[in-house]
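Step one of this worksheet: look at the structure below.
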Amino acid sequence: MFFHWTYLLLIPGMILVFWAQQRVQSTYRKYSEIPSKMGLTGAQVAKTILDRMGIYDVSVEHIPGELTDHYDPSAKAVRLSDVVYNSNSLAAAAVAAHECGHVLQDVKGYKPMNVRAALVPAVNLGANFGPILIMAGLFISAFKFLIPFGIALFAAVIIFHIVTLPVEFDASNRALRLIDELGILQGEENQGARKVLNAAAFTYVATALYALLQLLQYVLIALGQRD
């Protein structure tokens, strides 16, 4: 079994990712048990925001799973998971509003969102083949020349994670403004929504840091191969 000391670099990243995931789950569970005063379900929150913003060509759809919520710009659809679509909790309202934040980014041509979408093909290549090329170069001396190509491919994953951060933070900021201005949540309810979205945003930060540590590991391994 191959082991390199640089694997130790990944331990802090794994701990951070695990902690972030636990935090978002516990925060979501807490606020998923608190119904909003308005009593709107996640689906109703999304439809209310879209209607108020004059956006009528985006559908609100139900999808299976837990926290699989997302906005699909190609299909013009906000897709909400089981625990959001029919729930009238503060957490559901926050998540639904966040996805509508992505809709507004799309409508207004928010550049980081467009850049992220353009990076998807390169990211799929980098995530799937970057590590394979690196490992091939490590185990087969004749393929050592592949290591820099693998690192370059994986670098696309890092760029994607970095671009994702402003996209997600901006969507959350838009969501918090909308639910406040439209009166969807009131008073201290907005603080609950903010905590849910902040916890979710931190998972993106943790994932980006872990990916950076992976890239550092690959670079150090490659440098070691030159010795």
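A residue that is in contact (Cβ under 8 Å) with a residue 12 or more places away in the chain and under 17 Å from residue 184 (Cα atoms) occurs somewhere in the range 78-85. So in the range 38-69, with the set limited to residues that are loosely packed, with under 14 Cβ neighbours inside 10 Å and closer than 21 Å to residue 192 by Cα, which one is modelled with the highest pLDDT? This residue is 39.
Restricting the range 1-59 to residues that are of a type in the set (D, E, K, R) and not in a loop (DSSP other than H, G, I, E, B) leaves a set whose member that is nearest to residue 174 (Cα to Cα) is 52. Here residue 167 meets the list (1) surrounded by fewer than 16 Cβ atoms within 10 Å (Cβ to Cβ); (2) part of a helix (DSSP H, G or I) almost entirely, failing just condition (1). Which ones in the range 170-191 are in contact (Cβ under 8 Å) with a residue 40 or more places away in the chain, over 21 Å from residue 70 (Cβ atoms) and surrounded by fewer than 21 Cβ atoms within 10 Å (Cβ to Cβ)? Those that are in contact (Cβ under 8 Å) with a residue 40 or more places away in the chain, over 21 Å from residue 70 (Cβ atoms) and surrounded by fewer than 21 Cβ atoms within 10 Å (Cβ to Cβ): 182, 183, 186. Of all residues in the range 170-189, those being in a helix (DSSP H, G or I) and polar (S, T, N, Q) number 2.
On the given criteria, is residue 119 over 18 Å from the mean Cα position of the chain (by Cα), surrounded by 15 or more Cβ atoms within 10 Å (Cβ to Cβ) and over 11 Å from residue 43 (Cα atoms)? Judged against the criteria, residue 119 is not a match. Here residue 94 meets each of (1) free of Cβ contacts under 8 Å to residues at least 40 places away in the same chain; (2) within 21 Å of residue 69 (Cα to Cα); (3) crowded, with 17+ Cβ neighbours inside 10 Å with one exception, condition (1).
Condition check for residue 159 on (1) in contact (Cβ under 8 Å) with a residue 12 or more places away in the chain; (2) farther than 17 Å from residue 112 by Cα; (3) among the hydrophobic types (A, V, I, L, M, F, W, C): one failure, at (2). Among the residues of the range 199-210, those identified as of a type outside the set (Phe, Trp, Tyr) and free of Cβ contacts under 8 Å to residues at least 60 places away in the same chain are 201, 208. Quick check on residue 192: is it part of a helix (DSSP H, G or I), closer than 26 Å to residue 73 by Cβ and not charged (D, E, K, R)? No: the conditions fail for residue 192.
Before we move on, is residue 117 touching a residue at least 40 places away in the same chain (Cβ under 8 Å) and more than 20 Å from residue 175 (Cα to Cα)? The answer is yes for residue 117.
The values are calculated or read from the model by the stated rules, or taken from the named source; none is laboratory data. The structure presented is a predicted model; accordingly, all values stated were derived computationally and were not measured. Here the Cβ is made from the backbone with ideal geometry for all residues, glycine too, and neighbour counts use every protein chain on show.
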